[in-house]
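*Asks:* One structure is given below, represented as structure tokens, and several questions about it will come after.
The values are calculated or read from the model by the stated rules, or taken from the named source; none is laboratory data. These figures come from a predicted structure and were not determined experimentally. Here the Cβ positions follow ideal geometry from the backbone for every residue, glycine too, while neighbour counts run over all protein chains shown.
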Amino acid sequence: MNTIDNFSDTHAIRKTVIATEAGVVASQHKRAAEAGAAVLAAGGDAVDAAVATSFALGVVEPWMSGPAAGGCMVLWRADEGRARVVDYGMRSPRELDPADYPLSGAGRSSDLFPWLAVVEDRNVQGATAVAVPGVVSGMGLAHARYGRKPWRDLVAPAVDLAQRGLLVDWYSGLLTASSAKALSLDPDAAAMFLDEGRWPIVGAWAATMERHLNQQALANSLRQIAEEGPRALYEGELARALVRDVRAKGGCLSEADLAGYQAEWAEPLAIAYRGHHIHAAPGLTGGPTLAQAVGLLEQGFEPSGRGPDAQAYRAMARSLDAAFRARLSGMGDHESPKSPGCTTHFSVVDRDGNLCAVTQTLLSVFGSRVVSPSTGILLNNGIMWFDPEPGKPNSLGPDKRCLANYCPVIGVAHDGRRFALGASGGRKILGTVLQLSSFLMDHGMSLEEAFHQPRIDVSGNGEVTADRLLGAQIQQALAQEMPTSTVRPTVFPYAFACPAAVLRDGVRNMGCTEVMSPWGDAVAG
């Protein structure tokens with residue numbers, strides 16, 4: 001079944017991949033990629049560039065990430081010859097009481113997860129949805145082990161970006177419009193992101209005129225983090241201000257929650273695949289489900305040597321469907337397969353061959369749609385990751401880790417190429433990571449070829465969504481496997497996940513981002 005739309009059938013969009021011996025940062029926003037690339041050009045490690053990129057993304061893509069986010073980093077250390085993982089996922093506050101989130105009896109939630117609806121959407125929107133953030137701790141942990149450049153110098157580009165304020169344009173206006181009603185309910189979010197507290201702030205009509213968000217309070221907070229170090233968000237004046245604001249708006253985040261939070265090192269999952277290797281995050285991430293899908297894919301087809309054919313796509317669909325069924329029954333993740341992308345991913349490679357794959361998120365677009373006025377920080381809604389119905393594998397409770405879909409990976413192909421890969425897009429992330437890994441490993445594609453190869457999505461609902469650019473033979477083969485519909489990739493909303501990757505081939509580095517993303521770019525440094 002083809003979807004009906006109004007768009008041109010002759011319009012083509014492409015991105016060019018250029019090899020270089022310099023380092024490369026591939027990010028969902030080019031300004032953040034430029035901040036990381038400048039660190040690489042100054043002799044910084046891949047981890048240094050990751051820190052700079054992470055903080056910059058919190059300014060230029062604030063609805064996806066920021067100091068209140070959580071996430072995960074998978075690293076490849078060329079000097080150690082091994083992969084490592086930094087886990088900085090969110091946690092529920094210690095004072096959280098599940099009784100404060102009673103079911104409303106009004107059906108299902110309308111946000112990312114089709115949980116039973118909670119009274120006043122307390123688990124979705126507002127300060128009651130805020131979980132303990134991890135991204136600043138995670139960046140600090142990685143930097144303490146591998147950083148070469150001073151911490152303050154790596155956060156400084158984000159401070160400068162926030163001081164100027166995000167340059168708004170039609171794309172930022174489109175994203176803001178999608179959440180304008182929810183943002184209007186919080187005076188501080190409305191003041192930051194909306195005109196007159198109601199309308200999305202969009203770029204000026206004249207190309208020579210610029211409009212910027214007011215992110216001065218965020219700039220001040222980032223300056224404190226730069227000067228005082230990563231623990232500034234968890235202990236001291238900034239932490240007290242953040243807790244005070246959250247609790248004033250009805251949340252239960254405490255100073256003890258922040259002071260007790262620590263990102264952790266973890267051993268990666270080592271997934272063997274046809275002589276290749278994929279290193280993924282363990283635990284409450286998409287990594288275990290990816291490992292299962294990869295194992296099923298290895299059994300499901302043999303590469304033809306002519307690129308991904310109908311047999312390959314059919315095997316990918318079967319593998320993803322089976323892996324998701326196991327995930328949904330055992331791990332408790334029931335995110336809607338139709339949910340929009342609400343995360344950010346970036347990948348880094350330096351000139352020495354060290355790589356980082358980094359995914360971080362506020363969970364929903366604009367998180368809880370609440371801004372801390374004292375700090376200028378847009379807050380997450382990590383509590384929504386938990387099932388509000390008691391007695392389930394992932395039921396809501398105090399001081400619990402959140403189960404997430406993010407799935408950053410490091411791939412090591414048997415031809416010697418290494419890549420860092422991940423994506424945003426909720427449940428769609430897993431299929432994109434699986435397919436791009438297969439395109440690079442099974443079919444020997446270049447990075448540019450892999451990113452322009454049409455993809456499918458199978459997210460556990462027993463259906464295939466296929467790029468309409470796939471040929472009739474592949475579409476028919478997929479339809480024999482399970483119900484199949486075709487879509488046209490668009491700028492908003494994304495039909496598939498939004499990936500970013502870097503690849504090292506010998507001494508040459510390269511990067512690419514989602515072809516349909518108007519902001520995403522790979523920048524050499």
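*Asks:* Looking at T343, T375, which one is modelled with pLDDT of 95 or more and within 21 Å of V132 (Cα to Cα)?
*Replies:* Within the list T343, T375, the selection yields T375.
*Asks:* Only one of D169, D195, D186 is at pLDDT 95 or above and either more than 23 Å from I383 (Cβ to Cβ) or of a type outside the set (A, V, I, L, M, F, W, C) (or both); which?
*Replies:* Criteria check complete, one pass: D186.
*Asks:* Being touching a residue at least 40 places away in the same chain (Cβ under 8 Å) and within 14 Å of the chain's Cα centre (by Cα): is that true of G376 here?
*Replies:* Answer is no for this residue.
*Asks:* Quick check on this structure: which one of V491, V515 is within 24 Å of V25 (Cα to Cα), modelled with pLDDT of 95 or more, among the hydrophobic types (A, V, I, L, M, F, W, C) and within 22 Å of the chain's Cα centre (by Cα)?
*Replies:* Just a single option satisfies the conditions, and that option is V515.
*Asks:* Let me ask something additional. Give me a count of the residues in the range 171-230 that are crowded, with 19+ Cβ neighbours inside 10 Å, touching a Phe, Trp or Tyr at 6+ places or on another chain (Cβ under 7 Å) and of a type in the set (S, T, Y).
*Replies:* 2
*Asks:* Still on this model: If a residue must be of a type outside the set (S, T, N, Q) and without any contact (Cβ under 8 Å) to a residue 40 or more places away in the chain, how many such residues does the range 217-231 contain?
*Replies:* Within the range 217-231, residues that are of a type outside the set (S, T, N, Q) and without any contact (Cβ under 8 Å) to a residue 40 or more places away in the chain number 1.
*Asks:* Output yes when any residue across the range 240-263 is at pLDDT 95 or above, closer than 30 Å to S437 by Cβ, charged (D, E, K, R) and out of contact with any Cys (no Cβ under 9 Å at 6 or more places or on another chain), and no when none is. Don't jump to the end; show me each part of the working.
*Replies:* As a first pass, look at the range 240-263 and keep what is at pLDDT 95 or above: 240-263.
Going one step further and asking which of them are closer than 30 Å to S437 by Cβ, we end up with 263.
Still in the list and also charged (D, E, K, R): none.
No, the range 240-263 contains no residue that is at pLDDT 95 or above, closer than 30 Å to S437 by Cβ, charged (D, E, K, R) and out of contact with any Cys (no Cβ under 9 Å at 6 or more places or on another chain).
*Asks:* Continuing with the same structure: Would you check which residues across the range 20-58 are in contact with a helix residue (DSSP H, G or I) (Cβ under 9 Å, 6 or more places away or on another chain), small (G, A, S) and surrounded by fewer than 24 Cβ atoms within 10 Å (Cβ to Cβ) and list them?
*Replies:* A22, A38, A42, listed by residue number.
*Asks:* So which pairs qualify, if the first residue must be in the range 20-39 and in contact (Cβ under 8 Å) with a residue 60 or more places away in the chain and assigned to a helix (DSSP H, G or I), the second must be aromatic (F, W, Y) and surrounded by 24 or more Cβ atoms within 10 Å (Cβ to Cβ), the Cβ gap must be under 9 Å, and the two must be at least 6 apart or on different chains?
*Replies:* Pairs that qualify, where the first residue is in contact (Cβ under 8 Å) with a residue 60 or more places away in the chain and assigned to a helix (DSSP H, G or I) and the partner is aromatic (F, W, Y) and surrounded by 24 or more Cβ atoms within 10 Å (Cβ to Cβ), are A32/F55; A32/F346; A33/F346; A35/F55; G36/F346.
*Asks:* Okay, moving on. Name the residues in the range 68-86 that are surrounded by fewer than 22 Cβ atoms within 10 Å (Cβ to Cβ) and modelled with pLDDT of 95 or more, would you? Show your work before the answer.
*Replies:* Taking the range 68-86 as the starting set, the residues that turn out to be surrounded by fewer than 22 Cβ atoms within 10 Å (Cβ to Cβ) are 77-82, 84.
Passing the criteria: R77, A78, E80, G81, R82, R84.
*Asks:* Let me ask something additional. For D87, state whether it is under 21 Å from C407 (Cα atoms) and in contact (Cβ under 8 Å) with a residue 12 or more places away in the chain.
*Replies:* It is true that D87 is under 21 Å from C407 (Cα atoms) and in contact (Cβ under 8 Å) with a residue 12 or more places away in the chain.
*Asks:* When you check A270 against the structure, is it small (G, A, S), within 30 Å of V124 (Cα to Cα) and not in a loop (DSSP other than H, G, I, E, B), yes or no?
*Replies:* no
*Asks:* Another question, then. Applying the selection to the range 407-431, what residues are surrounded by fewer than 24 Cβ atoms within 10 Å (Cβ to Cβ) and in contact with a strand residue (DSSP E or B) (Cβ under 6 Å, 6 or more places away or on another chain)?
*Replies:* Matches in the range 407-431: V412, A413, H414, R417, R418.
*Asks:* Can I ask one more? Can you run down the residue pairs with Cβ atoms below 8 Å, 6 or more apart or on separate chains, where the first is in the range 491-509 and in contact (Cβ under 8 Å) with a residue 24 or more places away in the chain and over 20 Å from G431 (Cβ atoms) and the partner is β-branched (V, I, T) and surrounded by fewer than 24 Cβ atoms within 10 Å (Cβ to Cβ)?
*Replies:* Correct list of pairs: R508/T20; N509/T20.
*Asks:* Tell me, which residue of the range 457-502 that is hydroxyl-bearing (S, T, Y) and part of a loop (DSSP other than H, G, I, E, B) is surrounded by the most Cβ atoms within 10 Å (Cβ to Cβ)? Before you say what the answer is, go through the steps one by one.
*Replies:* The first filter runs over the range 457-502 and keeps only residues hydroxyl-bearing (S, T, Y), leaving 459, 465, 484-486, 490, 494.
Now drop any that are not part of a loop (DSSP other than H, G, I, E, B), which leaves 459, 490, 494.
On the way: S459: 26, T490: 11, Y494: 18.
The selected residue is S459.
*Asks:* Then there's this: So which strands (runs of 3 or more DSSP E) stay within the range 61-143 end to end and still have 3 or more residues that are in contact with a helix residue (DSSP H, G or I) (Cβ under 7 Å, 6 or more places away or on another chain)?
*Replies:* By residue number, 70-77.
*Asks:* Would the range 180-197 turn up any residue that is assigned to a loop (DSSP other than H, G, I, E, B), small (G, A, S), within 21 Å of M73 (Cβ to Cβ) and more than 22 Å from the chain's Cα centre (by Cα)?
*Replies:* no
Every residue, every condition in (1) modelled with pLDDT of 95 or more; (2) of a type in the set (D, E, K, R); (3) surrounded by fewer than 16 Cβ atoms within 10 Å (Cβ to Cβ); (4) within 27 Å of H143 (Cβ to Cβ), yes or no:
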| residue | (1), (2), (3), (4) |
| --- | --- |
| P268 | yes, no, no, yes |
| I278 | yes, no, no, yes |
| L284 | no, no, no, yes |
| G287 | no, no, no, yes |
| V294 | yes, no, no, no |
| G300 | no, no, no, no |
| P303 | no, no, no, no |
